[in-house]
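The values are calculated or read from the model by the stated rules, or taken from the named source; none is laboratory data. Remember, it's a predicted structure, so these values are computed and weren't measured experimentally. FYI the Cβ positions are ideal-geometry reconstructions off the backbone, even for glycines, and counts take in every protein chain you see.
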Amino acid sequence: MKEGQKEFLPNRESGEQKPTVKLFLFRHAQKESREHNAAAEVPLSDLGREESHKLGLRTRANPEVAVGYGSSRVRTQETAGQVILANLSEINEDTTLAEMEKVVNQYLNKGKEKGPQKKKVGIDPRLDFKFKGEMSGQAKKAIEQGRYLKWIVEQSDSVASKSSDPEALGFSKLAGNVAKIMQKYGKVARNWERLRQEKPEKYQDVSNQLERYLASHGGVLESFLVKVIKLAGSEQDLLEFEEQYPNGFSELEGFRVEIERDSEQNIFQISYQIGGEQKELKIIGEILEKIIAEAQDND
């Protein structure tokens with residue numbers, strides 16, 4: 001995380017609040033070298049675990065209601081796990097992903113008959129990237145030149161369409177995948193509101209906020225955010241974002257989304273940082289549908 005960069009932590013203000021789903025989307029922490037690991041199996045470095053753990057201590061996530069997701073790559077799952085579980089006394093910066101799952105099951109099944117294994121860190125392949133061959137080479141070169149975001153936005157769709165890899169993901173498909181995740185949690189927000197209304201006593205000790213922590217990779221989350229800014233922001237907003245993040249998000253940087261129900265539709269309030277100050281954009285489901293449609297046009 002860049003020096004001076006403010007973080008998006010859960011809003012835990014006192015008082016009655018509307019049922020809300022909050023999503024925290026961020027790039028994974030620092031990873032180890034690939035020398036002895038396949039790409040998908042590269043874990044976090046010691047520093048990466050430490051920084052993820054520190055962020056988790058500050059978020060104060062409630063492991064009873066908070067869930068984390070990563071891509072198929074271990075480093076994202078470890079990052080999400082450290083963030084949502086850091087406040088359990090059994091978890092520290094040296095805890096591995098497998099050890100986290102054991103602690104979680106002991107914690108959640110305490111005083112109960114042993115039930116099925118519960119996973120607090122799941123996998124969502126839509127948080128992944130698929131760069132191989134020439135596409136991977138171009139991406140690495142763009143990063144070295146400090147213009148990775150520009151390459152993603154302006155060139156990756158064309159490169160992906162010409163790739164021999166049918167799973168190659170460019171700007172539009174990366175953004176579309178994240179938009180589909182937003183759609184999913186839009187439905188969750190509707191169900192969460194109904195659940196709180198129907199069984200308020202069951203959740204009286206739990207915040208009205210349902211929290212999800214999603215760890216991804218450089219270029220994935222930024223693709224979605226650029227699409228949103230183009231559709232719902234201004235040219236100045238886009239210019240500021242490109243200047244702030246020429247190589248995309250650094251480790252543990254990202255954005256927050258609050259989903260609230262307004263009459264019969266969801267309102268998605270997206271917050272991100274520019275120059276240490278918070279920027280906000282509000283969108284509705286139609287924006288997500290446009291982003292998904294543009295991704296399908298690139299099939």
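Data for the structure
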item: Candidate set: region 123-137, residues that are at pLDDT 95 or above and assigned to a helix (DSSP H, G or I); chosen: the one nearest to the chain's Cα centre (by Cα); result: 127
item: The lone exception for residue 270 - which of (1) free of Cβ contacts under 8 Å to residues at least 24 places away in the same chain; (2) under 28 Å from residue 81 (Cα atoms); (3) not charged (D, E, K, R) it fails; result: (1)
item: Given (1) in contact with a helix residue (DSSP H, G or I) (Cβ under 6 Å, 6 or more places away or on another chain); (2) in a strand (DSSP E or B); (3) of a type in the set (Asp, Glu), index of the condition residue 258 fails; result: (1)
item: Pair list, Cβ under 9 Å, 6 or more apart: region 287-299 residue loosely packed, with under 12 Cβ neighbours inside 10 Å, other residue at pLDDT 95 or above and part of a helix (DSSP H, G or I); result: 296/172; 296/173; 296/176; 297/172; 299/173
item: Failed item, numbered, when residue 79 is tested on (1) surrounded by 17 or more Cβ atoms within 10 Å (Cβ to Cβ); (2) modelled with pLDDT under 90; (3) β-branched (Val, Ile, Thr); result: (2)
item: Among (1) closer than 21 Å to residue 79 by Cβ; (2) among the β-branched types (Val, Ile, Thr); (3) surrounded by fewer than 22 Cβ atoms within 10 Å (Cβ to Cβ); (4) in contact with a strand residue (DSSP E or B) (Cβ under 8 Å, 6 or more places away or on another chain), the one test that residue 143 misses; result: (4)
item: Scope region 65-83; condition in a loop (DSSP other than H, G, I, E, B) and closer than 10 Å to residue 43 by Cβ; matching residues; result: 73
item: Check on residue 41, over 19 Å from residue 20 (Cα atoms) and touching a residue at least 12 places away in the same chain (Cβ under 8 Å); result: yes
item: Selection within region 40-56 - closer than 13 Å to residue 85 by Cβ and loosely packed, with under 14 Cβ neighbours inside 10 Å; result: none
item: Flag if residue 150 is in a helix (DSSP H, G or I), in contact (Cβ under 8 Å) with a residue 40 or more places away in the chain, surrounded by fewer than 22 Cβ atoms within 10 Å (Cβ to Cβ) and charged (D, E, K, R); result: yes
item: Restricting region 153-168 to residues that are hydrophobic (A, V, I, L, M, F, W, C) and over 14 Å from residue 242 (Cα atoms), the residue that is surrounded by the fewest Cβ atoms within 10 Å (Cβ to Cβ); result: 159
item: Residues of region 153-168 classified as modelled with pLDDT of 95 or more and not in a helix (DSSP H, G or I), total; result: 1
item: Cβ pairs under 6 Å, 6+ apart, first in region 220-248 and without any contact (Cβ under 8 Å) to a residue 60 or more places away in the chain, second crowded, with 16+ Cβ neighbours inside 10 Å and not hydrophobic (A, V, I, L, M, F, W, C); result: 229/237
